[in-house]
1. Apply the Karplus parameterisation 6.51 cos²θ - 1.76 cosθ + 1.60, with θ equal to phi minus 60°, to every residue of the stretch 139-144 and state each ³J(HN,Hα) to the nearest whole Hz, in sequence, with x for glycine and proline.
2. Please list the non-local residues whose amide H lies under 5 Å from the amide H of I76, H modeled 1.01 Å from N, same-chain partners needing a gap of 5 or more.
3. With the Cα gyration tensor of the stretch 80-141 in hand, convert its eigenvalues to equivalent ellipsoid semi-axes via √(5λ) and list them largest first in whole Å.
4. Once both labels are modelled 7 Å past Cα along the beta-carbon direction, what's the Q52-Q137 spacing in nm?
5. In the structure displayed, which of K51/K122; K20/K90; K90/K136; K20/K59; K59/K90 lie more than 27 Å apart, Cα to Cα?
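Values quoted throughout were computed directly from the atomic coordinates according to the rules given, and no laboratory measurement underlies them. Quick caveat, the model's predicted, so the values are computed rather than measured. Positions of Cβ are backbone-derived with ideal geometry, glycine not excepted, and every protein chain shown enters the neighbour counts.
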Amino acid sequence: MKVSDILIEQNEECVGETMKELFHDDYEDIAGVVGMAYEDILEIMQDIVAKQRDVNFQKEQDILNRLMQMEDQETIYISSSDDLHRRLDKLHDVINSEAETMTVVKGIQEFVMLLGKHTTTKSAWENSPDGEAAYKQAEEICSEPSDPYQRYGVKPSDFY
């Protein structure tokens, strides 16, 4: 194997590892994060619809079904934003409370909309504008010299 091939392979490995780090800085595995399984949310929605005939969760059911299909194909992730998780926690409490039915309905609607908006797969992210920007950032990071003297344009003798 040529030296240039080894360097290319090392750079590709560096870019791949850096992409993983950049992705996981922004997203985390959804399992255990949201606090409710999709099936639980669907069950609560069905219970409410059985009691309140004027309530319709079609849009929310479509989002949850799409997320469940995505989850069947590959791991899905949710934004690691602290603000988002605080909001999801509050909505989770509202949904599971003894609050007025319409308050629970609004909680479910917002909860599901947030899930739909802030959930992705790694491959979908990689093909999005955010993923493409992260790829360029990873390439830049990996093309920087690993020798700190070289990276900052100084020589050891500059310090003596």
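1. Values, residue by residue: 4, 5, 4, 6, 8, 5 Hz.
2. For I76, the qualifying residues are I30.
3. Working: eigenvalues 239, 25, 9 Å².
Gyration-tensor ellipsoid for the stretch 80-141: 35, 11, 7 Å.
4. Placing both labels 7 Å beyond Cα along the Cβ direction yields 4.0 nm.
5. Details: K51/K122 39 Å; K20/K90 30 Å; K90/K136 37 Å; K20/K59 32 Å; K59/K90 21 Å.
In this structure, K51/K122; K20/K90; K90/K136; K20/K59 exceed 27 Å between Cα atoms.
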